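The next block holds one structure in the form of structure tokens; read it before the comments.
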Amino acid sequence: MPGARRSLASPVKLDVNRDGALCIHDLAVGLGRLGLHRTELDLLKIVKAGDKDLDGQLDFEEFVHYLQDHEKKLRLVFKSLDKKNDGRIDAQEIVQSLRDLGVKISEQQAEKILKRIRTGHFWGPVTYMDKNGTMTIDWNEWRDYHLLHPVENIPEIILYWKHSTIFDVGENLTVPDEFTVEERQTGMWWRHLVAGGGAGAVSRTCTAPLDRLKVLMQVHASRSNNMCIVGGFTQMIREGGPRSLWRGNGINVLKIAPESAIKFMAYEQIKRFIGTDQEMLRIHERLLAGSLAGAIAQSSIYPMEVLKTRMALRKTGQYSGMLDCAKNILSKEGMAAFYKGYIPNMLGIIPYAGIDLAVYETLKNAWLQRYAVNSADPGVFVLLACGTISSTCGQLASYPLALVRTRMQAQASVEGAPEVTMRGLFKHILKTEGAFGLYRGLAPNFMKVIPAVSISYVVYENLKMTLGVQSR
């Protein structure tokens, strides 16, 4: 491909229709003549990345600027993978780089990645990055192979599998995503956070009726009041009409922004305190930093959690809005009421975040070990399935603590309810309802996972495109 790369330096040779600009058709035909086959989606990403005047094509100056910028990015990635600083990437360096980031592959799999990478679709043509068969890649081979790829395949193994931002199931207890140095320097990190926040807002609003039903069942359901899903919805609509299904959703959406921002800032500070020399943390370090950041964020916005529960449980006409609800709680119960259920909430962070992360990493590594021979891209279905399963497992483990937290938050909203401690409430539930009582409301909670994950993913991807973040 050295000859091909020299041809790329002159965009005139790619200009098939001789109009002084490169469209997707020009790139497809021109690169095909050079033996480089790219999918239409790849070419669309290239044009979008370099199209400064937004006319849908690249003039020669835009094309040259794109190549120069992309080559700089490729150089940064190459240096990050070249652990030995010898100007070559071997299989051991790929294994180590991915292991540092929680992806386990064998040396044989790394050699396959080095030797043979399939472009485009699974059935598409095969190109070789290691052209001389040495089982190592030097800078020229790396640059030539990736120069007109819109993404960098090997580091994308990690980026394809980022998940916590996009899978919003209403419990913001997941470990934060890692951002590379390049993402921080280019400002892509805040675009990811904004896209994640917007996706969470839409997802939570769409699944709010199920979330409110879950809260009602957690607080009111018992052996004597065996509330079912259909009966619960009927009761809500009869009491307050269809709009009542969304009670508590406003504060639930409102708390996304401060919680995400605080968690991200705390996570970055804790990473510095840990003092790791890795650009990204290993799995156990991520769990530690993520759990501490989650605890700090939850502590900061916890009064909003109490407000959300009270607003979801309120009857028609009880409060005129969020501020009225907050004033009532403050005047009748004092400031301490805003931290009811705080301890079980904090205790629930570690099992939820830990199991969610562990299950996701296990599923990810299982998929990579079995299927990631020629491509690291798992596809949307695998990503959604892994996110759904890991979130479900995390919720299942921490659900008893979440139920106790909700009941403690709701104490004053239930007339005659005695003041109880976390331990006392656990004993009372086990004595009167058995272990099953700790899982009241689990059905609507699980029912919202798949739609929540799917909606947040679709919205996240669309918001990323709107904000100028290249889709992976």
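The values are calculated or read from the model by the stated rules, or taken from the named source; none is laboratory data. The shown structure was predicted, so the numbers you read here are calculated from the model rather than taken from an experiment. Glycine also receives a Cβ, built like all others from the backbone with ideal geometry; neighbour counts cover every protein chain displayed.
Annotations
- When D356, D377 are checked against the criterion of being of a type in the set (D, E, K, R), farther than 22 Å from L213 by Cα, modelled with pLDDT under 90 and in a loop (DSSP other than H, G, I, E, B), a single residue qualifies: D377.
- Flag for S331 being closer than 30 Å to H220 by Cβ, part of a loop (DSSP other than H, G, I, E, B) and without any contact (Cβ under 8 Å) to a residue 40 or more places away in the chain: no
- Any chance A366 is part of a helix (DSSP H, G or I), surrounded by 19 or more Cβ atoms within 10 Å (Cβ to Cβ), free of Cβ contacts under 8 Å to residues at least 40 places away in the same chain and in the same structural domain as M265 (by TED's automatic domain parsing): no
- Test for R204: is it in the same structural domain as L438 (by TED's automatic domain parsing), basic (K, R), within 23 Å of I349 (Cα to Cα) and in contact (Cβ under 8 Å) with a residue 40 or more places away in the chain: yes
- For the stretch 419-436, a residue qualifies if it is closer than 20 Å to M346 by Cβ and assigned to a loop (DSSP other than H, G, I, E, B), and the qualifying residues are E419, V420, T421.
- Verdict on L216 being of a type outside the set (V, I, T) and in contact with a Phe, Trp or Tyr (Cβ under 8 Å, 6 or more places away or on another chain): no
- Hits in the stretch 224-255 (condition: of a type in the set (S, T, N, Q) and in a helix (DSSP H, G or I)): T234, Q235, S244, N249, N252
- Residues of the stretch 205-223 classified as surrounded by fewer than 23 Cβ atoms within 10 Å (Cβ to Cβ), assigned to a helix (DSSP H, G or I) and charged (D, E, K, R), total: 0
- Leading residue by the ranking (surrounded by the most Cβ atoms within 10 Å (Cβ to Cβ)) among those in the stretch 14-35 that are of a type in the set (D, E, K, R) and either under 18 Å from D55 (Cβ atoms) or not assigned by TED's automatic domain parsing to the domain that holds F63 (or both): D26
- Residue within the stretch 281-289 that is modelled with pLDDT under 90, assigned by TED's automatic domain parsing to the domain that holds L313 and not in a helix (DSSP H, G or I) present: yes
- Restricting the stretch 43-94 to residues that are among the polar types (S, T, N, Q) and assigned to a helix (DSSP H, G or I), the residue that is nearest to G20 (Cα to Cα): Q68
- Tabulated pairs, the stretch 423-439, first outside the structural domain of M408 (by TED's automatic domain parsing), second loosely packed, with under 12 Cβ neighbours inside 10 Å and among the aromatic types (F, W, Y), C-beta under 6 angstrom, 6+ apart or interchain: none
- Taken over the stretch 290-315, the criterion of being among the polar types (S, T, N, Q) and at pLDDT 90 or above is satisfied by Q298, S299, S300, T309.
This table checks each residue for (1) free of Cβ contacts under 8 Å to residues at least 24 places away in the same chain; (2) buried (at least 19 other Cβ atoms within 10 Å of the Cβ).
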| position | (1), (2) |
| --- | --- |
| E285 | yes, no |
| M311 | no, yes |
| T316 | no, no |
| C325 | yes, yes |
